[in-house]
Amino acid sequence: MKKEFFLAGMLLCLVVLSVQAARVDTVMVKSRSMDKEVQVVYVVPDKAEGDRAQACPVVYLLHGYGGNAKTWINIKPQLPSIADEKGIIFVCPDGKNSWYWDSPVNSSYRYETFVSSELIAYTDSHYKTIAAPQGRAITGLSMGGHGALWNAFRHKDVFGAAGSTSGGVDIRPFPLNWQMNKQLGEYAANRKRWDEHTAINQIDKIENGDLAIIFDCGESDFFLEVNKELHQRLLGRGIDHDFITRPGTHNNIYWNNSIDYQILFFEKFFGKQK
């Protein structure tokens, strides 16, 4: 009898697991502005599937320098279960080493247009989304943290919430790093362009209440000081935000932990919009 109850219980667990199973799609999304296809990983909760699908909010996750569309699912393998638990769609595009700009010197790198326009349109037309800023958030790590804030500050009509974890939110102290000169030209000869293409200098485009903002950085991270400076500038402009520092450095262990707090922040934001 005990064996039969055990088997019945196992069967029930399998049925529940089969119902609650976020789908992970890897698709190629056409970018007309760059005339190429871009790989994107989608994590789609069960709630957004089938005949009774409900519209779900979306969190766009941007990878760092040297990463790709699969970076976040590798850093946080629990994303499918989180998607099911919270009813959130996660979208992870391959941004190459673009810093998520429309490069002024390289016409084949128009990743601001891709992320804030083309990818949004594709996602809303192919998945059951809340197709409004109230249902969209964007964040990322390192280069992706810069890209998330860069896009959100400049497209507050697209995103309602934004974040960054270990983000390179001011690029100018690092003029020789991470191939940024391939997208902007050499710093010494193009200082105005670098000033115009750093996320920290975009905050004049928003007012308090335009975006729900969260960003964090490890206490041993080389980007700590630029994040502290962003915090001070936002305070100076009276823009509400959450800024967190905690022990940690610039690595996957830190991001695996930090993204949980950002997802919670976004979940609360989405909940307030209902």
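The values are calculated or read from the model by the stated rules, or taken from the named source; none is laboratory data. From a predicted model like this one, the values you see are computed outputs, not experimental measurements. A quick note on method: Cβ atoms are made from the backbone with ideal geometry, for glycine too, and the neighbour counts reach across all protein chains shown.
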Requested in this report: Report, by residue number, each residue of region 237-257 that is crowded, with 19+ Cβ neighbours inside 10 Å and touching a Leu at 6+ places or on another chain (Cβ under 8 Å).
Outcome: Trp255
Report task. Within region 155-168, identify whether any single residue is closer than 15 Å to Tyr111 by Cβ, surrounded by fewer than 24 Cβ atoms within 10 Å (Cβ to Cβ), over 13 Å from the mean Cα position of the chain (by Cα) and not basic (Lys, Arg), and answer yes or no. Result -> yes
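In region 107-193, which helices (runs of 4 or more DSSP H) lie fully inside it and hold 1 or more residues that are under 25 Å from Tyr261 (Cβ atoms)? Show your work before the answer.
Working: elements: 119-126, 143-154, 180-184.
The helices (runs of 4 or more DSSP H) meeting that bar are 119-126, 143-154.
Can you pull out every residue in region 48-73 that is polar (S, T, N, Q) and under 15 Å from Ala22 (Cα atoms)?
Gln54, the sole residue that qualifies.
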Query raised in the report: Filter region 212-231 for residues that are outside any helix (DSSP H, G or I) and over 25 Å from Asp157 (Cα atoms); which is nearest to the chain's Cα centre (by Cα)?
Result: Cys217
Query raised in the report: Somewhere in region 170-193, is a residue at pLDDT 95 or above, over 21 Å from Ser98 (Cα atoms) and out of contact with any Asp or Glu (no Cβ under 7 Å at 6 or more places or on another chain)?
Result: no
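Report yes if some residue within region 216-224 is at pLDDT 95 or above, within 23 Å of Ser98 (Cα to Cα) and acidic (Asp, Glu); otherwise report no.
Going through region 216-224, the residues at pLDDT 95 or above turn out to be 216-224.
Filter again for within 23 Å of Ser98 (Cα to Cα), leaving 216-217, 221-224.
Retained after the next criterion (residues that are acidic (Asp, Glu)): 216, 221.
Within region 216-224 (the criterion being at pLDDT 95 or above, within 23 Å of Ser98 (Cα to Cα) and acidic (Asp, Glu)), the answer is yes, since at least one residue qualifies.
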Query raised in the report: Only one of Lys96, Lys128 is surrounded by fewer than 21 Cβ atoms within 10 Å (Cβ to Cβ), of a type in the set (Lys, Arg) and in contact with a strand residue (DSSP E or B) (Cβ under 8 Å, 6 or more places away or on another chain); which?
Result: Lys128
Query raised in the report: Pairs under 7 Å by beta carbon, first residue without any contact (Cβ under 8 Å) to a residue 24 or more places away in the chain in region 171-191, partner of a type in the set (A, V, I, L, M, F, W, C) and part of a loop (DSSP other than H, G, I, E, B), six or more apart or different chains?
Result: none
